[in-house]
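Values quoted throughout were computed directly from the atomic coordinates according to the rules given, and no laboratory measurement underlies them. What you see is a predicted model; the values in this text were computed from it and never measured. Ideal geometry is used to build each Cβ from the backbone, glycine not excepted, and the neighbour counts take in all protein chains shown.
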Amino acid sequence: MLEIKNLTKIYPGGVQALTDVSFDVPAGQFVAIIGLSGSGKSTLLRCINRLVEPTSGQILWDGLDITAASREDLRLIRRRIGMVFQHFNLVQRSTVLTNVLSGRLGYVNPALSLINRFPRQDIEKAMRQLERVGIADKAHVRADDLSGGQQQRVGIARAMMQDPEMILADEPVASLDPVLAHSIMQYLEKINKEEGVTVLCSLHFLDLVHRYADRVVALNEGRKVFDGLPGEIDDQKFKEIYGRDAERVG
Amino acid sequence: MWKPNRPLLKSVGLGLAILFGLVVYAYGFQVTKVNLDETRSPRRQEQLVRILRALAKPDLVTFQQQEVEIDLPYYVPCPEGDVPEPTIDRSRPYIEAAPPCASPGETITVRGYHFAPNSKGPLNFIPPSGVKLTLGTIQADEQGNFTLQVKLPKRDSPEVQHLRATTRLSVGAPMPSRTAIETWDKIVETVFLALLATTFGTLLAVPLSFFAAYNLMRDVTSPVLAVALNLLLLPVGFWLGSQAASWMGSLTSQIRTSYLWNLLGMGAGIALIYLAIRWAVPPEDLLPPGRWLRLARTLVLVGASLLALAVFYLLSSTLILSGNWLESRLGSIGFIGTFIADLGDILGMLLSVIAALGGAGLAASLAGSIGRRLSRGLPASGLKILNVLLAAAAGALLLILIMAALDWFYQFNNPVVTRTLPGGIGALLGAIIALRLGVHDELPVGMAIYFISRTIFNALRSIEALIMVIVFVVWVGIGPFAGVLALSLHTVAALAKLYSEQVESIMEGPIEAISATGASRLQTIMYAVIPQIIPPYISFTMYRWDINVRMSTIIGFAGGGGIGFLLYQNINLLNYRAASAQMLAIAIVVASMDYLSAKLRERVI
C-alpha cells in the first residue's frame with residue numbers, strides 16, 4: 001500500500017509543481033496518472049522515489065516513511081522501485097546487457113560492481129529478462145544502435161532486474177508510435193497482472209488509459225482533479241482535467 | 001536605448017564610436033612603439049636579408065671535406081739582389097704569383113692551376129709568425145684553374161713569407177651535420193617530455209575534474225554537524241593514514257632486501273586480503289546487517305587495507321631490486337631497468353600520500369555517518385548546542401590550519417597571529433553559522449568544493465608553464481624533468497577544467513535512471529557518467545598532447561629541457577642556420593602531431 005499525503009513540491013524559483021496531492025494505491029493496482037504537459041505528473045512520480053525532493057507532505061510505503069528515509073535507507077527503498085522513462089534514459093555507449101545489469105546495482109557487491117563484475121546468476125537473470133522482452137539477440141549491441149521501441153524494452157528489463165514491488169513509468173510510450181506503444185504497455189500489463197507489481201504510469205492517450213489502467217488519477221496544474229475508474233471520465237470530467245478548450249481525440 | 005526615429009542622435013553616436021575607435025588604435029600604436037622608420041632603414045634591411053638567408057638554409061647536411069694546401073714562398077718587400085726562383089712541382093696543383101715579389105700593400109695577381117674543378121677555399125698570407133691573414137676567396141673553374149687579384153697586407157719581413165691556397169671539396173655522400181644530430185636528439189626528448197607531461201597531467205586531472213563539475217557537486221549537501229565533524233576528523237584521518245604508511249614501511253623494511261621474502265610476503269598478503277574482502281564484502285545484502293557484524297567487517301577491512309599497504313611496499317622494493325638488477329645486466333637498454341626501479345621508487349613515495357588521503361577519506365565517511373546519525377537521533381535543543389560547539393571547534397581548526405599554511409610562507413613567528421586570533425575568529429564564525437542555521441539545515445558542501453577547485457584550476461591555468469618551470473628548475477635542476485613537472489602541473493589545471501565542462505554537458509537521463517535503481521553515488525558515476533565522458537576525455541587528452549608538444553618546444557627557453565634549450569642557445573650565439581634547423585624540426589613535429597591527433601580523434605568519436 002502506497003500512501004501519498006498532502007504532497008507539495010515547489011521548485012527553486014517558485015514554480016509550484018504539486019499542491020496538496022493525496023491518494024492511496026493498494027498493492028498490485030495499475031494506476032494511470034493523466035494530465036496536460038506541466039501538470040505535475042513527472043514530479044509526482046519522481047517524488048515517490050525521491051529523485052525530486054518533496055517540499056512538504058509524506059509518502060508512506062507499507063508503513064515505511066519514504067520522505068524521511070536516510071540516504072542509505074533510501075537506496076534500499078529505491079532498489080525495490082523500478083522506473084521507466086519517456087526517453088528511456090539508457091546509457092547510450094554501454095551494451096544492452098550492461099544497461100540491464102545496472103538494474104542490479106543496488107544489490108551487488110559495490111566494490112566488484114565498480115570494475116563491471118556481476119554475479120553469474122545476475123547475468124543469467126538479465127538474459128532471461130531480455131528474452132522476455134524479445135531482444136536477447138541484442139544483448140551485446142550498443143544501446144544507441146537500437147530503435148526506440150527496443151530501447152524502451154531494455155528500460156523495462158532494467159527495471160525488472162530490481163525485482164521491483166512497484167514500477168513508476170513516466171510517459172513510457174510518449175516517444176513511440178501507436179503500435180509500439182501497445183506492445184510496451186502490454187509488457188507493463190503482464191508484469192502487473194502476472195507478478196502483482198504495482199504500476200504507476202503517466203499517460204497521454206485516453207484510449208491507453210481505458211485499455212490498461214485499473215484506476216485513473218488526474219492532475220491539473222499540480223492539483224488532483226479526478227480519482228476514479230477510467231470509465232467514469234465523461235465529457236464533463238474531461239474538460240475539468242484538460243481544460244475548457246480541449247477536444248477528445250482517440 | 002536608441003529610438004529608431006532619431007537618426008541624428010544615432011549618427012552622432014556612430015561618429016563618436018568611430019572617434020573612440022581611432023583614439024584606441026592610436027594609443028595602441030603609441031604604446032607598442034610602432035616604428036615604420038626602422039623598417040625602412042637600409043642597415044636593418046641588410047641585417048634582415050642576412051638572417052632570412054641564413055634561416056632559409058638550415059644546417060642539416062654536411063660532407064666529408066678533401067682539403068688541398070699549396071704554399072708559395074714570397075718576399076715582401078723584394079729582397080736585395082735576385083729573387084730566388086721557387087721550385088714548383090707542376091705535377092700537383094700549384095700557384096704562381098706575379099710579380100714574383102712586391103712591396104707591402106701592393107696588389108698582385110695569383111694564378112692557380114690543376115686544382116680540383118669547382119673547388120673553393122681561402123687564399124691566405126702566412127707571415128713568419130704563422131698567423132694566417134685571409135687575402136681572398138678562391139673559386140676554381142671547370143678546369144681547376146683560377147686567377148685572383150689580391151692586395152698584400154702591410155707585413156714586411158726580410159725572411160721569406162708564404163702565400164697559401166687552401167681548397168676544399170665536398171666528397172662522398174651527404175651526412176647529417178652535428179646540428180642535425182643534436183636537433184634529432186632534442187626533438188625526441190621534446191616529444192617524450194610532452195608525452196610524460198600529458199600522461200601525468202591526465203592521471204591527476206580525471207579524478208579532480210569530478211570535483212569541478214557543477215552537476216555532480218550540486219546535490220552534495222551535509223548537515224552542519226556532519227560538516228563540523230568532518231573538518232575535525234579529516235586532519236586526524238590524514239595523520240593516521242600517513243602514520244599507518246610509515247608504520248607499514250618500517251615493518252616491512254626488515255624483509256625488503258631479499259627477493260624471496262618480498263615475493264612470499266606479497267603472496268601471503270594478497271591471499272589474506274582476498275579472504276578478508278570475501279568475508280567482509282558479501283555479494284548481496286538483502287537486509288542491512290547488525291551493528292556488531294558491521295563493526296567486525298569494518299575492522300577486518302581496516303586490517304586488510306593495512307596489509308595492502310604492506311604489500312605495496314613489498315611490491316615497490318621488488319620493483320627497485322629487479323630494476324637495479326636489470327639495469328646492470330641489460331647493457332645498452334639498461335634504461336628499461338632504470339625505469340622499473342623508478343616506478344618502484346615512485347610507488348614507495350606515493351604510498352604515504354595515498355594512505356594519508358585514504359585515511360582522510362575514511363575519517364570523512366565516518367564523520368559523515370556519525371553526524372547524520374546524531375543529527376537524526378538527538379532532540380532539537382541538544383542538537384543545537386552540539387552543533388554550535390562542534391561548528392566553533394571546526395571553524396577554529398580550519399582557520400588555524402589556513403594560518404599555519406600562511407605562516408609557512410610569511411614566517412610570522414607570532415603565536416597571537418597564528419593561533420589565538422584565527423582560532424577565536426574561526427570559533428566565532430563557526431558558532432554564528434551554526435546558530436543562524438536550523439538544526440536540520442544542510443550545508444552545500446559540494447558547491448564549496450566546486451568553487452574552491454574551480455578557483456585553484458583557474459589560478460594555475462593562468463600561470464604559463466614557461467613561468468612555472470622556473471620554480472621547478474630551482475627544485476630539480478635545469479633539464480627536461482623540470483619541464484615535465486611544469487607542463488604536468490599546467491596540464492592538470494587545464495584538463496581538469498575542460499573535463500569538468502564535459503561532465504557538465506552530459507545527459508542527465510541516465511544519471512537519473514541509474515540512481516533510481518538504488519545505486520550509490522560512486523556506482524552512478526561509474527555507470528552513468530563515465531561511459532558518457534570517455535570520447536570527449538580521449539579527444540581532449542589528445543588535444544592537450546598536441547599543445548604540450550608545442551609548449552615543450554619552448555619550455556627549454558626557461559631551462560626546461562627539450563629542443564627549446566638548443567634553439568635559445570643558437571639564437572643567442574647568432575647561429576641562425578642551426579636555429580633554422582631546430583625551427584624546421586619543431587614545425588615538422590607540430591604539424592605531424594596536429595595531423596595525427598586529428599586523425600585519432602576522428603576515429604574515437
Across all Cα atoms of segment B:489-548, Rg and the largest Cα-Cα distance (Dmax), in Å, are 13.4, 42
Place a point 7 Å from the Cα of B:Ser157 in the direction of its beta carbon; the residues of segment B:92-134 whose amide N falls under 13 Å from it are B:125-133
Of segment B:170-199, those with amide N under 19 Å from the point 7 Å along the Cα→Cβ vector of B:Lys132 are B:170-171
Taking only the alpha carbons of segment B:108-167, the radius of gyration and the largest Cα-Cα distance, Dmax, both in angstrom, are 12.1, 38
Note: segment A:59-109 at 20 °C, 1.002 mPa s; Kirkwood Rh on alpha carbon pairs; Stokes-Einstein D in µm²/s works out to 168
Per the C-alpha gyration tensor (a ≥ b ≥ c, the square roots of its eigenvalues), segment A:108-250 is rounded if a/c is under 1.5, else prolate if a/b beats b/c, else oblate; here it's prolate
Per-residue Cβ contact counts at 10 Å, fewest first, order A:Thr55, B:Thr491 as A:Thr55, B:Thr491
Karplus-derived 3J(HN,Hα) from phi for segment A:36-44 (6.51 cos²θ - 1.76 cosθ + 1.60, θ = phi - 60°), whole Hz, x at Gly and Pro, runs 5, 4, x, 8, x, 4, 4, 4, 4
Of B:402-412, B:514-524, ordering from highest average Cβ density within 10 Å down gives B:514-524, B:402-412
Given backbone amide H placed at 1.01 Å from N, residues whose amide H is under 5 Å from that of A:Gln29, ignoring those fewer than 5 places away on the same chain, are A:Val199
A correct fewest-to-most ranking of A:Asp20, A:Asp234 by other Cβ atoms within 10 Å would be A:Asp234, A:Asp20
Quick P(r) readout (segment B:1-61; Cα-Cα; 10 Å bins; whole %) gives 17, 21, 19, 17, 12, 11, 3, 0
Sorted largest first, the C-alpha extents of segment B:64-176 along its principal axes in whole angstrom are 51, 27, 20
With the charge dipole of chain B built from beta-carbon charges (+1 for Lys and Arg, -1 for Asp and Glu) about the Cα centre, the Cα from B:Gln139, B:Pro531, B:Leu460 projecting farthest to the positive end belongs to B:Pro531
Within 10 Å of the Cβ of an average residue in B:521-528, the count of other chain Cβ atoms is 5
Beyond 22 Å, the calculated P(r) of segment B:224-365 holds a percent of Cα-Cα pairs equal to 52
Taking placed amide H atoms and a strict 5 Å upper bound, the residues 5 or more places from A:Val225 or on another chain that come that close are A:Ala218, A:Leu219, A:Asn220
Cα-only Rg/Rh for chain B with Kirkwood Rh rounds to 1.17
Spelling it out for A:Phe85: with amide H atoms placed in the peptide plane at 1.01 Å from N, the residues 5 or more places away or on another chain with amide H under 5 Å from its amide H are A:Asp170
The Cα extents of chain A along the principal axes, largest first and rounded to whole Å, are 54, 42, 35
Using the Cα gyration tensor of segment A:136-214, the equivalent ellipsoid's semi-axes, largest first and to the nearest Å, work out to 21, 16, 10
With the label point 7 Å along the Cα-to-beta-carbon line of B:Val281 and a cut-off under 14 Å to each amide N, the hits in segment B:495-533 are B:520, B:522-523
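Which of the DSSP-defined H helices in chain B satisfy a minimum axial length of 18 Å, computed from C-alpha atoms, and a minimum mean Kyte-Doolittle hydropathy of 0.0? Kindly include the intermediate steps, with their values, before the conclusion.
Numbers: long enough: B:7-31 (36 Å, 1.57); B:42-56 (21 Å, -0.43); B:178-211 (50 Å, 1.06); B:224-252 (41 Å, 1.39); B:259-280 (31 Å, 1.27); B:291-329 (56 Å, 0.98); B:335-377 (61 Å, 1.14); B:380-410 (43 Å, 1.82); B:421-436 (22 Å, 1.65); B:445-462 (26 Å, 0.89); B:480-504 (35 Å, 0.81); B:530-554 (36 Å, 0.28); B:576-604 (41 Å, 0.57).
TM-like helix candidates: B:7-31, B:178-211, B:224-252, B:259-280, B:291-329, B:335-377, B:380-410, B:421-436, B:445-462, B:480-504, B:530-554, B:576-604.
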With label points set 7 Å from each Cα along the Cα-to-Cβ direction at B:Ser592 and B:Leu195, the distance between them in nm comes to 1.3
Calc'd 3J(HN,Hα), segment B:111-116, phi into Karplus 6.51 cos²θ - 1.76 cosθ + 1.60 (θ = phi - 60°), Hz, glycine/Pro = x, comes to 10, x, 9, 6, 6, 5
In this structure, the FRET efficiency calculated for A:Met127 and B:Ser322 from their beta-carbon separation, with R0 = 45 Å, to the nearest 0.05, is 0.50
To the nearest 0.05, the calculated FRET efficiency linking B:Ser381 and B:Tyr214 through their beta-carbon distance, R0 being 35 Å, is 0.45
The simple spin-label model distance between A:Thr55 and B:Val353, using points 7 Å out along Cα→Cβ, in nm, is 4.8
Taking only C-alpha positions in segment B:406-494, Rg and Dmax in angstrom work out to 19.6, 57
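Would you calculate a helix-derived [θ] at 222 nm for the protein assembly as shown, using -39,500 (n - 2.57) for each DSSP H run of n ≥ 4 and dividing by the full residue count, to the nearest 500?
Calculated at 222 nm, the ellipticity per residue is -19000 deg cm²/dmol.
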Taking max minus min of the Cα coordinates of segment B:378-443 on each principal axis, largest first, gives extents in Å of 45, 19, 16
A correct Stokes-Einstein calculation for the protein assembly as shown, using the alpha-carbon Kirkwood radius, 20 °C and 1.002 mPa s, returns a whole-number D in µm² s⁻¹ of 61
Between the Cα axis of helix A:178-195 and the main Cα principal axis of chain A, the angle (0 to 90°, nearest 10) is 80
The relative contact order of chain B, taking Cα pairs under 8 Å that sit 6 or more residues apart, comes to a percentage of 18
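At R0 = 51 Å, how high is the FRET efficiency between B:Val474 and B:Ala271 if r is their beta carbon distance? Nearest 0.05 is fine.
Values: r = 47 Å, r/R0 = 0.91.
With R0 = 51 Å, the Cβ-Cβ based efficiency is 0.65.
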Computed about the Cα centre, the charge dipole of segment B:64-176 from +1 Lys/Arg and -1 Asp/Glu charges at the Cβ has a magnitude in debye, to the nearest 20, of 420
Here, B:Ile456 and B:Leu330, labelled 7 Å along Cα→Cβ, have an inter-label distance in nm of 3.5
